[in-house]
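Throughout, read-outs are computed from the coordinates displayed, never taken from laboratory work. All values derive from a computational prediction rather than experimental measurement. Neighbour counts run over all protein chains shown; Cβ positions are idealised from the backbone, glycine included.
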Amino acid sequence: MSELKFHPYKQPAGGWGALRASMQSLQHQGILTEGTALLLKSNQAEGFDCPGCAWPDPDAHSTFEFCENGVKAVAAEATRKRVTAEFFAQHTVSWLAGQSDYYLEELGRLTEPMIYDATGDHYVPISWASAFTKIAAHLQALKSPDEAIFYTSGRTSNEAAFLYQLFAREFGTNNMPDCSNMCHEPTSLGMPESIGIGKGTVTLEDFDYTDTLLLFGHNPGTNHPRMLGTLRDAAKRGCRILVFNPLRERGLQRFVNPQDAGEMLTNHGTEIATQYYQPRIGGDYAIALGIARYVLEQGTLDQDFIDTHTQGFETLKTIALATPWAEIETESGLSHAQFMEIGKIYDTGKASIITWGMGITQHKHAVATIQMLVNVLLLKGNIGKDGAGACPIRGHSNVQGDRTMGIWEQPATDFLDRLAQEFDFEPPRAHGYDVIGSIAALEAGQAKVFFGMGGNFANATPDTTRVHAALSQCALTVHVTTKLNRSHIVHGKDALILPCLGRTELDVQNGHPQGVTVEDSMSMVHISQGMRAPASSALKSECAIIAELAEATLPESKTPWRELVEDYDRIRDRISRVVAGFEDFNVRVHKPRGFHLDLPPRSRRWITASGKANFIAQKLSAITQDRFKPETSARIFNLMTIRSHDQYNTTIYGFEDRYRGVSGARNVCFMHSDDIAELGLQADSLVDITSHWIDGERIARNFVLIPYDIPKGCVAGYYPELNVLVPLSSHADRANTPTSKSIRVTFAAVAQSG
Ligand SMILES: Nc1nc2c(c(=O)[nH]1)N[C@H]1C(S)=C(S)[C@@H](COP(=O)(O)OP(=O)(O)OC[C@H]3O[C@@H](n4cnc5c(=O)[nH]c(N)nc54)[C@H](O)[C@@H]3O)O[C@H]1N2
Ligand SMILES: Nc1nc2c(c(=O)[nH]1)N[C@H]1C(S)=C(S)[C@@H](COP(=O)(O)OP(=O)(O)OC[C@H]3O[C@@H](n4cnc5c(=O)[nH]c(N)nc54)[C@H](O)[C@@H]3O)O[C@H]1N2
Ligand SMILES: [Mo]
C-alpha cells in the first residue's frame, strides 16, 4: 500500500485506463501471456462463465467481451501464487490474524485441505478422508440438525448448489443463509408480491428496443462493466437514460469502449446519462412515488393494461395524489423542476426499463421501494412488452441460480415435495436461519457448526466485532474456498479449510471433463466449462466435496452421491425433475448459449394470489416516520458503504478507486465540502466514525475525509472496512437485508500528535 492520494478523475470510464489496469492485473498475478489466452475463453459458448458479475452475455460475440473487472476476477483465480502447507507451518494463526485482508488473499490459491491445530496454533495438512470424517463426527454429535448452518456465496454452480441443499435437507435443516440475504433479498421478496416472480422480467434484447432507461442505485462502471457496452449502444440509438445516484459515478457519465478503435483513438467516448440526478441516500421511495404522481396527474396511464392485468390501482392513486409535492421533494432531495423533467421523460417513453442495485436493496424500506418502482412500470404497462420491464442487477455470477436450485432458508412447499419424491426422504419443513438469524443463533450458542460454501461470512456481514466473536464460539467452522480470507482466521474450536476448483479450472470426474451451469441476471441458463489445469492436484470440485461429505455424514442416505458426481449430467437429470422450468435440462443446456427460463410476466401471466399484477403502496410518511433519531449533540449523517473499483466484495485487489480519483488507501470517507467546513474540519482530516443504533454505538477509527460531489448530510465509504459500523438489528423490513446503505453516523476529529 502506498500513500493516500486524491485527484478527481476527468476521463471517461473504460478506455486506455481500463486496458492498462487489466494488463497490470494479469502481470501482478504472474499470468500475462496465459491470461490473455484465457480471457478469450471467458463468456464464450465453449468457455467458462466469467466469475465477475451476473450481467448476461450477448448472443453475437466479437472475440471476447472486454471488461477490466472481469479480467481482475479471472486473474485473481488464475494467479500463479500459492499458499502452501509450508507457509502455514511458518506462521501461526495468531500471526495471520494480525495481517490485512488484502495480505491474506494475496497469498494466492490454497493447495490442500488444512485443519487447525490448537497446540501449535497452526493450520496443518489433513487428508480429504479424515477431513470428511471429522466434519461428519461434529455434525452427528449435534443435538439437532438445526445447530448447523450451511452458508452459500453466489459463485457456486447450479449443480453444486443443488447437491448442497439436498445434503443440508437430508441432514435435516433448512439453515441455508446465503449472500443473497445481504444483497437482492428485498427484490426476491417484493417482486413476487407485485408480479408473481422474484426475478427481472427483461432480456438483454429488450435493451435494443427500450427508449427510456431509469437506473437506480448501482454502479455499472465498476460492478457490471459489460453493462456499459449495452448502455452505450442504447445511448447511441437515442434512448433516454436517467440516472439516480447520490454520487456522480464516472461510468454512468461517459464511457470509451476499449474494443472500439475509433473511440480509443479520440478517447472521447459516449455520453451515458441523459440526466443525472443526485438524490439523498434512501430518497428513492419518494422518487418513485413522485414519478407515479406525475403520471397520475397527467392521466396518461395504460388504462387497458391496468384494467385487464392489475389490482390495487385505486390505493396507489389515492396515496400518490394525497402526498404533497413538497414532502416528495424534501424526502428525495430532488426539486420540483427535476420531478417535472423526470415525469415528462418517463411519461413520454413508449417502452421503459427500470434497473436497480444495492443502492435500493440495502435500506430499511427496500421492499416498499422496489414495489413502488414496479408500480411505476405497471402504470404505463411497462411489463410484458418489448423493450420494457424490471431489471434488478444481481451481484455474484450465480447468485440467482443458487436460489433457483433451492438455496433458501424458506423453501417453497412444492419444491420440498418434489425433492422428497425424487430422493425418497422427508425434508425438514420449518424455515431455517437467514444471515441475520444465523448470527443471532451463533451468538446465542444455538448454532455450533458453521459451514461456508465459498464467500467470506466473517467480513461480508454487519457488525464485524460481534460476528467475529460469534464465529469464534463455534465448535467447528468449515470453509470450502479458493483463497485464504478472514473467515478462516476467525475460526471455531475445530476448523477446516477445504480448497476447491475455481470456475476457470478443468473439472475431471471419472476420466471425463465436466461442465457446470449458471443462471445470469436475466434468467439465461448456460454451461460453464473450465479449461485451465487446477491450481493444485489436491483440489476437489465443490460437487465432489459435497458428495463425499454426504457419504461420510449420512450413511443411511438413499441418494447415490458418488454416482451423481461421476457425471454432472446425472445431477442435471435430477434437477430437471425437481426444479420447475428445468425440464429437459441436459438437452436444452447443451445448446450454444443455453436457454431462457420461462418468466410468466413476460407474457402477462401473473402467478400471484389475485392472478393479477398488484399495485402495492404505502404512504410516504409511513416510510419516513420510523427513521432512527439517536440522542447525541453531534451532527448525524447518513453513511452508505460501497465498493471501490479495485475489489470484489471482501476481496481487495488493490488500492486504486480510479473513477473516484482515490488511490493508495481505503480508509476514506467521502463528504460534501460544505459539510466538512461546517464540522470545522478540512479535506484530509483524520476522523473517527461512530454509528448509532438502538443497540448502542460502534466505532471505526482513523478515516480520512475526502471532499466529494455528494448531497449534504450523506457520506460514503468502503465495504468491508466499514462493516464494523453496520448495526446487526438494522435491516430491511421483512427481507432482513442489512441496511449497509443507510447507517446513522457522527464524526469526531482524531487528535493528531506532533
Ligand atoms: N468488480 C466488482 N464487481 C462486482 C462486485 C464487486 O465487489 N466488484 N460485487 C458484485 C455484487 S455481489 C453485487 S451485489 C453487485 C453490486 O453492485 P452495485 O449495486 O453497483 O453495488 P455498490 O458498489 O454497493 O454500489 C451501489 C451504488 O448505489 C449508490 N447508492 C447508494 N445508496 C443509494 C441510494 O439510497 N439511492 C440511490 N439511488 N443510489 C444509492 C452508490 O452511490 C453506488 O453507486 O456487483 C457485483 N459485481
Ligand atoms: N457493508 C456492506 N456489506 C455488504 C455489502 C455492502 O454493499 N456493504 N454487500 C453485500 C453483498 S451484495 C454480498 S453479495 C455479500 C458478499 O458476501 P460473500 O459472497 O460471502 O463474500 P465474497 O467477498 O464475495 O467472498 C469471497 C471469497 O469467496 C471465495 N471464493 C472465490 N471463488 C470461489 C469459488 O469458486 N468457490 C468457492 N467455494 N469459494 C470461492 C474466496 O475465498 C473469497 O475469499 O456481502 C454483503 N455485505
Ligand atoms: Mo451481492
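Evaluate E = 1/(1 + (r/R0)^6) for S673 and D307, where r is the Cβ-Cβ distance and R0 equals 56 Å; express this FRET efficiency to the nearest 0.05.
So the FRET efficiency works out to roughly 0.60.
For M340 and E314, what is the calculated FRET efficiency with R₀ set at 30 Å and r taken between the beta-carbons, to the nearest 0.05?
Using R0 = 30 Å, I get an efficiency of 0.75.
Among the chymotrypsin sites (Phe, Trp or Tyr not before Pro) within the stretch 670-754, which fall in a DSSP loop and have no more than 13 other Cβ atoms within 10 Å of their own Cβ?
Qualifying residues, ordered by number: none.
Round to the nearest 0.05 the FRET efficiency obtained for A89 and D684 when R0 = 41 Å and r is the Cβ-Cβ distance.
0.45
Relative to the present Cα-Cα distance, how much length would full extension add between A444 and E46 at 0.36 nm per residue of separation?
Extending this stretch completely gives an extra 138.5 nm.
Please report the Cα spread of the stretch 626-749 along all three principal axes, rounded to whole Å, starting with the longest.
Cα spread of the stretch 626-749 along its principal axes, largest to smallest: 37, 34, 23 Å.
If amide hydrogens are placed 1.01 Å from N in the peptide plane, which non-local residues have theirs closer than 5 Å to the one on A447?
Result for A447 returns L442.
Show me, for the stretch 623-639, the HN-Hα J-couplings you get by feeding each phi into the Karplus relation (A = 6.51, B = -1.76, C = 1.60, θ = phi - 60°), rounded to Hz, glycine and proline as x.
Running phi through 6.51 cos²θ - 1.76 cosθ + 1.60 with θ = phi - 60° gives 6, 9, 5, 8, 5, 6, 10, x, 8, 7, 7, 6, 6, 9, 10, 9, 9 Hz.
Report the Cα centroid-to-centroid distance between the stretch 446-465 and the stretch 183-254 in angstrom, as an integer.
One Cα centre to the other: 30 Å.
Hey, how many Å between the Cα centroid of the stretch 3-27 and the Cα centroid of the stretch 513-542?
30
Excluding same-chain residues fewer than 8 positions from K380, which lysines have a Cα within less than 17 Å of its Cα?
Of all the lysines, those that pass the test against K380 - Cα under 17 Å, at least 8 places apart if same chain - are K317, K344, K350, K612.
Which order do V579, V124 fall in if you start with the one that has the fewest other Cβ atoms within 10 Å?
Ascending Cβ contact count within 10 Å gives the list V124, V579.
Restricting things to alpha carbons, tell me how big the chain is in terms of Rg and Dmax, in Å.
Using the Cα atoms of the chain, the pair Rg, Dmax is 24.9, 74 Å.
Expected output is a single nm value to one decimal: the length gained when fully extending between Q298 and S2, i.e. 0.36 nm times separation in residues minus the C-alpha distance. What is it?
Result for the pair: 101.0 nm of gain on full extension.
Can you give me the Cα centroid spacing of the stretch 343-358 and the stretch 634-657 in angstrom?
28
Taking the Cα centre of the chain as origin, work out the dipole magnitude from +1 charges on Lys and Arg Cβ and -1 charges on Asp and Glu Cβ, in debye rounded to 20.
Charge dipole, the chain, about its Cα centre: 920 debye, nearest 20.
Got a sec to turn the phi values of the stretch 137-146 into Karplus ³J(HN,Hα) couplings, 6.51 cos²θ - 1.76 cosθ + 1.60 with θ = phi - 60°, whole Hz, x for Gly and Pro?
4, 4, 5, 5, 7, 5, 5, 9, x, 6
Roughly how many nanometres apart are two label points built 7 Å out from the Cα toward the Cβ at R429 and A129?
With each label point 7 Å from Cα toward Cβ, the separation is 4.1 nm.
Taking 7 Å along the Cα-to-C-beta vector as the label spot, tell me the D584-A748 distance in nanometres, rounded to one decimal.
6.7
Out of residues 5 or more away from C669 or on other chains, whose amide H comes under 5 Å of its own, with H placed 1.01 Å from N in the peptide plane?
Amide H to amide H, under 5 Å and 5 or more residues apart or across chains, C669 pairs with V704, L705, I706.
Which lysines, on any chain, are close to K10 with Cα under 25 Å apart, when same-chain ones fewer than 8 places away are left out?
Leaving aside lysines fewer than 8 places away in the same chain, those within reach of K10 are K72, K236, K712.
Extending each Cα 7 Å along its Cβ direction at E556 and A97, get the distance between those two points in nm, one decimal.
If labels sit at E556 and A97, their model points lie 3.9 nm apart.
Taking θ = phi - 60°, what integer Hz values does the Karplus form 6.51 cos²θ - 1.76 cosθ + 1.60 yield along the stretch 580-596, in sequence order, with x for Gly and Pro?
4, x, 10, 4, 6, 3, 4, 6, 5, 6, 7, 6, x, 6, x, 9, 9
Mind checking the dipole of the stretch 626-742: about its Cα centre, +1 per Lys or Arg Cβ, -1 per Asp or Glu Cβ, Debye to the nearest 20? Provide the component values of the computation, followed by the final result.
Numbers: 12 positive and 15 negative charges, 50 e Å.
The dipole magnitude comes to about 240 debye.
For K134, which lysines qualify as cross-link partners when the Cα separation must be under 25 Å and same-chain residues fewer than eight apart are set aside?
K143, K448, K483, K493, K540, K558
So who's got an amide H within less than 5 Å of the one on L501, skipping anything under 5 residues away but keeping other chains? H placed 1.01 Å off N, in plane.
K540, S541, E542
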